[in-house]
Amino acid sequence: MRRRSLYYVLSAICISTAACFPDYSFDLAELDDPDAALSDDASSSDDASDDPTSDASADGEPPEDAGDDAADGDLDAGTDGDVEDAGDDADTLDSGSDPDGDVADPDSGADPDAGDDGGWPTDEPDCTDEADAGALYACVPRAPSGWSGPVALFNAAAVVTPPSCPSGFVETPVFEGHSELATPPATCSTCSCSVSGVTCSSPQPASPDDEAAVFFSEPECAGGCGWVPPDDGNLLKPGMCVGLTFGVETPGTCSAPRSVQLGLSTPSGTAKCEPSTQTPTIPPVAWADNARACHASTSDKGCESGFVCAPKANHPFEDKLCIVRIGEGDVSCPEGPYSQKHVFYRDAQDTRSCTDCDCGSATNVRCEGELQTYASTTGCSNQDGVIPLGICGDFPPARTEGDGFSKWFRLSVQPKASCSSSGGEPIGTVTPTRPQTICCMP
């Protein structure tokens, strides 16, 4: 009885605790299947496949392509799916930092396996024999340290629009620039000189016995009638519009004034030659060509050590791939297969201009001008004649007004001098800046 009670107690404890009596079941292997004994181990592989931290095989070895990914800086390298640089590998743009930040990093975008791929191709190059990819891919030399690539190069005349990056290459160009300028010099305005410091008088008589201005009733300063403006011609002041009235003592004895004899205007003051302001025209900076480089997507599949599998470039890109120097500068190509050097430029410094205008000393200082006549009855409008200073000149007859005649005049006089002008020559150049070295396989 005591023994039976103890059994009931132990049974109650074990029923509440399933660990006391675990349920084991076994699948018996058939005797004619030599591998059947391994079925227990195989069933445990399901647990290993559920491990989110590793793609390692059951024996603990890393995945077969893990070394390839780390060797060429593949975006999928590493175990967490993040975009990372592959150690010290400087063979592609993601293999090291650009010291100047000038070579675009196609790996700087998002992980290509996660939505926005930054323009990276979705197909990984494969140069293995089984892939039969000889028409699309080829094994090319790996870029040496300090260089990035391989890249496909386009370089053509400026009239040709650069094409998009070819298939198998990153959509965003790693470099864009030019190699040759086609910029004309500045166009300079014509230099001239004007006279300052001089004023011009009203017409002056040639001698004390002469008059500054005498009007005649006949052409060519002829006729029996002559009129002298009051106050020795002071009414004929430069720039002023003046109406003159010509009276006749005996009506009908004189016809309307038709000509005038003028004296000369005399300069006063110290003449100086003033140069004109130079206004250069600077054409836009122009290049003779356009260059574009596109970064290739690469892998190590099917290539020997020192080579990477890369897509082949299509026309109009050059068929030989190249490498780009990380950071700006005109440097020599590295030793090895990438020996054909190209230097392109991203920008240019423009110093084009024109020399200032200059003038010599003033000589032959004088006043030149003319007497303008007008047909209007109320002011200086409707010009009908011009008489240079210092000569006898004709003009249309004055208008009859009562017993006399009237006419409107304006004296136009400017100071003149002989001034030698200089300057207005194009100077300066356009110099390419921010050089980028690209080396290609010949």
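Nothing in this text is a laboratory measurement; each read-out follows from the coordinates by a stated rule. As the structure is a prediction and not an experimental result, all values here were calculated from the model. Reconstructed Cβ throughout: ideal geometry from the backbone, glycine too, with neighbour counts over all protein chains shown.
When a/c reaches 1.5 or more, the comparison of a/b and b/c decides; with that in mind, is the stretch 190-345 rounded, prolate or oblate per its Cα gyration tensor?
Values: a/c = 8.33, a/b = 4.86, b/c = 1.71.
Judged from the Cα gyration tensor, the stretch 190-345 comes out prolate (a/c at least 1.5, a/b above b/c).
Just tell me which lysines come within less than 26 Å, Cα to Cα, of LYS407; anything on the same chain fewer than 8 places away is out.
Hits, sequence-local ones excluded: LYS237.
State whether the stretch 228-281 is rounded, prolate or oblate according to the following rule on the C-alpha gyration tensor (a ≥ b ≥ c being the square roots of its eigenvalues): a/c under 1.5 gives rounded; otherwise a/b larger than b/c gives prolate, and the remaining case gives oblate. Let's see the in-between values first.
Working: a/c = 4.08, a/b = 2.77, b/c = 1.47.
Verdict is prolate for the stretch 228-281.
Residue separation times 0.36 nm, minus the C-alpha to C-alpha distance between SER189 and GLU274: what's the value? Write down the numbers at each step before the final one.
Values: separation 85, 0.36 × 85 = 30.60 nm, distance 1.57 nm.
That works out to 29.0 nm of additional length.
Once you list every other residue whose beta carbon is under 14 Å from the beta carbon of PRO275, what net charge do they have if Lys and Arg are +1 and Asp and Glu are -1?
Details: positive: LYS272; negative: GLU274, ASP356, ASP358, GLU425.
In short, -3.
Could you name the lysines whose alpha carbon sits less than 26 Å from that of LYS320, not counting residues in the same chain fewer than 8 places away?
LYS301, LYS312, LYS341
Net charge near ALA256: determine it from the other residues with C-beta under 9 Å of the C-beta of ALA256, scoring Lys and Arg +1 and Asp and Glu -1.
Numbers: positive: ARG258, ARG399, LYS407; negative: none.
Summing Lys and Arg as +1 and Asp and Glu as -1 gives +3.
For a quick protection proxy, order the peptides 428-435, 285-292 by their average other-Cβ count within 10 Å, most packed first.
Values: 428-435: 15.2, 285-292: 18.0.
Highest-to-lowest ranking by the protection proxy: 285-292, 428-435.
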